[in-house]
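S.K.: The structure is given below, and queries will be raised subsequently.
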Amino acid sequence: MNPEVELSVLFEDLIAQPLAVSLLEAALSKGRYAPAYLFSGPDGVGRSLAALRFLEGVLTGGKSLMRERRRLEAFNHPDLLWVEPTYQHQGRLVPQSQAEDEGVSRRSPPLVRLEQIRGVTRFLGRQPVEALRGMVVIEAAEAMPEAAANALLKTLEEPGHGLLILLSAAPERLLVTIRSRCQQIFFSRLDGEAMEAVLARARDAEGGSPLLGLDQPELLAMAAGSPGALLNHLSAWQAVPEELWSRLQDRPQQPMVALALARDITEALNGEQQLWLIDWWQQHLWIQQSDPTPLKRLERLRSHLLGFVQPRLAWEVALLELMPSA
């Protein structure tokens, strides 16, 4: 097969990112790689997928090889270390992807911690098992506190033969010295046509069944051109009991209605779901009225919930103040 055709096959499921694909294909075709890359752009637009496909190409000389693809996607290749932000829970670090299953409170954001970066340094310092180089991907690299960032900088100053990929939705929060040592690959938001192409694939993965809720204007606005974000918002939307939606179409009109709604929201939804509901309601009220006043009050409610104010009390006060007559 022609090498250019092989490269196009490698990235065929990465939709609407031509600039990123062209840069990665160029590196693979020449077999020359930077010690570190920074994949920057919004969450949910294909940065993680691009990292997986790029590493597949590094392992296979630019070819698409299903055996390597399956190993990388399962994170079980011996020369791949995939690092994600973690929560401190009962004396141990719980990865973000496992937090819900383990009942971890997720009101505080997860972090990429110093001990994880030290693990990256040790991993890159060892001899690879199968590949020519150790490969590390760090999700949400902007979630590193100062000590972890400084430790990573030292690793970048002496990268050896490893290959490091940082994924970041907020690269401006990274140290300038870290950014300067990485080749930056930009990923952009998707337009409507590209969003539909990604969602069509999601529907196909579900056996062609419709994904209810994708036509919700609030979810589309919250996704802001990110199909991954849209699917996450869809999942959150589906988790809210149906009987609550009719009561959230407008602000409560009477005190007893407001108090009952506060009770039912806090009984039906956990803390993270309540924070998501605030986002949805802000979008809904803005679409409905274009009035910033209730949006500001809901933002105060968010800060109270994040500040560990008793949730039912916080919702009661907020909903009473949101009444049109208030």
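What follows is calculated from the coordinates using simple rules that are stated; it is not laboratory data. None of these values were measured; they are calculated from a predicted model. Please note: Cβ atoms are built from the backbone with ideal geometry, for glycine as well, and neighbour counts cover all protein chains shown.
S.K.: Return one quarter of the surface area of the convex hull spanned by the alpha-carbon atoms of the stretch 35-108, equal to its mean projected area, in nm².
M.R.: Taking the Cα atoms of the stretch 35-108, their convex hull projects to 6.8 nm² on average.
S.K.: Test of understanding: in a Gaussian network model of the chain with alpha carbons linked when under 10 Å, which of Ser168, Ser226, Ser180 would top the mean-square fluctuation ranking?
M.R.: Ser180
S.K.: Can you give the calculated 222 nm mean residue ellipticity of the chain, where each DSSP H run of n ≥ 4 adds -39,500 (n - 2.57) and the sum is split over every residue, rounded to the nearest 500 deg cm²/dmol?
M.R.: -16000 deg cm²/dmol
S.K.: Next question, about the same structure. Taking Cα centroids, how far is the stretch 151-197 from the stretch 230-301 in Å?
M.R.: 35 Å
S.K.: Between Asn270 and Ser290, what FRET efficiency comes out of the Förster formula 1/(1 + (r/R0)^6) with R0 = 41 Å and r the beta carbon distance, rounded to 0.05?
M.R.: The computed FRET efficiency comes out at 0.85.
S.K.: Note down the net charge around Leu156, summing +1 for each Lys or Arg and -1 for each Asp or Glu among other residues with Cβ under 13 Å from its Cβ.
M.R.: Once all neighbours under 13 Å are counted, the net charge is +1.
S.K.: Quick one: Kirkwood hydrodynamic radius for the stretch 240-322, alpha-carbon pairs, angstrom, one decimal?
M.R.: It works out to 12.6 Å.
S.K.: With 10 Å bins from zero, work out the P(r) of the chain over every alpha carbon pair and list the percent per bin.
M.R.: Histogram of Cα-Cα distances, whole percents per bin: 5, 22, 29, 23, 14, 6, 1, 0.
S.K.: A further question on this structure: Give the Cα extents of the stretch 3-186 along the principal axes, in whole Å, largest first.
M.R.: 50, 35, 33
S.K.: Going highest first, how would you order 74-83, 38-47 by mean Cβ packing within 10 Å?
M.R.: 38-47, 74-83
S.K.: Determine the gain in length on full extension of the stretch Gln254-Arg32; use 0.36 nm per residue of separation and subtract their C-alpha separation, reporting nm with one decimal.
M.R.: Full extension of this stretch gives 73.2 nm more.
S.K.: Using the per-residue mean of other Cβ atoms lying within 10 Å as a proxy for protection, in what order, highest first, do the peptides 230-240, 137-147 fall?
M.R.: Ranking the peptides 230-240, 137-147 by packing returns 137-147, 230-240.
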